[in-house]
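Participant: Here it is, the structure in full.
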Amino acid sequence: MAKDLCDAVGPVLGSYPGPGNRVTHTKGVNLVGTFTATPRARELTRAAHMQGDPIRVLVRFSNGNPNPGAPTRRRTTRAAWR
């Protein structure tokens with residue numbers, strides 16, 4: 001199923017095979033930081049990462065385009081709601 005989904009992207013968005021290229025969200029930047037939940041979060045859940053202690057995080061921001069040469073300054077649509 002995963003291969004079928006990946007194969008379906010090419011005819012719609014284009015195919016950019018190459019070493020290290022992803023099927024979508026090809027261009028991006030990784031950032032390392034710390035997440036600290038607010039005290040209000042503790043009131044809403046028992047999840048460990050929401051209890052207020054600092055948690056190290058790795059976050060990746062990317063555009064949705066599969067083209068590794070696509071400009072990053074232009075916004076793209078992520079979802080359309082009716």
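Participant: Does the range 18-30 contain at least one residue that is at pLDDT 80 or above and not small (Gly, Ala, Ser)? Explain how you work it out, then say what you get.
Facilitator: Taking the range 18-30 first, the residues at pLDDT 80 or above are 29-30.
Cutting the leftovers down to not small (Gly, Ala, Ser) gives us 29-30.
Yes; the residues of the range 18-30 include at least one that is at pLDDT 80 or above and not small (Gly, Ala, Ser).
Participant: Could you say which residue among Thr34, Thr24 is among the hydroxyl-bearing types (Ser, Thr, Tyr) and in a strand (DSSP E or B)?
Facilitator: Values: Thr24 fails: in a strand (DSSP E or B).
Checking each option against the conditions leaves just Thr34.
Participant: Considering the range 37-61 alone, what residues qualify as being part of a strand (DSSP E or B) and not β-branched (Val, Ile, Thr)?
Facilitator: Arg56, Leu58, Arg60, Phe61
Participant: Could you grab the pairs with beta carbons closer than 9 Å, sequence gap of 6+ or different chains, first residue in the range 51-66 and over 20 Å from Cys6 (Cα atoms), second one charged (D, E, K, R)?
Facilitator: Note: pairs meeting the criteria are Gln51/Arg42; Gly52/Arg42.
Participant: For the range 54-82, give me the residue count where each residue is within 14 Å of the chain's Cα centre (by Cα) and at pLDDT below 65.
Facilitator: 4
Participant: (1) surrounded by 10 or more Cβ atoms within 10 Å (Cβ to Cβ); (2) β-branched (Val, Ile, Thr); (3) out of contact with any helix residue (DSSP H, G or I) (no Cβ under 6 Å at 6 or more places or on another chain): which one isn't true of Val23, the others all being true?
Facilitator: (3)
Participant: Inspect the range 30-49 for any residue being on the phi > 0 side of the Ramachandran plot and surrounded by 10 or more Cβ atoms within 10 Å (Cβ to Cβ) and give the result as yes or no. Give the steps one after another, and end with the answer.
Facilitator: In the first step, residues of the range 30-49 are kept if they are on the phi > 0 side of the Ramachandran plot; the result is none.
Checked against the condition, which is being on the phi > 0 side of the Ramachandran plot and surrounded by 10 or more Cβ atoms within 10 Å (Cβ to Cβ), the range 30-49 yields no hits at all.
Participant: Okay, moving on. Applying the selection to the range 1-21, what residues are part of a loop (DSSP other than H, G, I, E, B) and within 15 Å of Ala70 (Cβ to Cβ)?
Facilitator: Quick first cut of the range 1-21, residues part of a loop (DSSP other than H, G, I, E, B) only: 1, 14-21.
Answer for the range 1-21, where residues must be part of a loop (DSSP other than H, G, I, E, B) and within 15 Å of Ala70 (Cβ to Cβ): Gly14, Ser15, Tyr16, Gly18, Asn21.
The values are calculated or read from the model by the stated rules, or taken from the named source; none is laboratory data. Note that this is a predicted model, so its numbers are computed, not measured. When we count neighbours, we look across all protein chains shown, and the Cβ atoms used for this are built from the backbone with ideal geometry, even at glycine.
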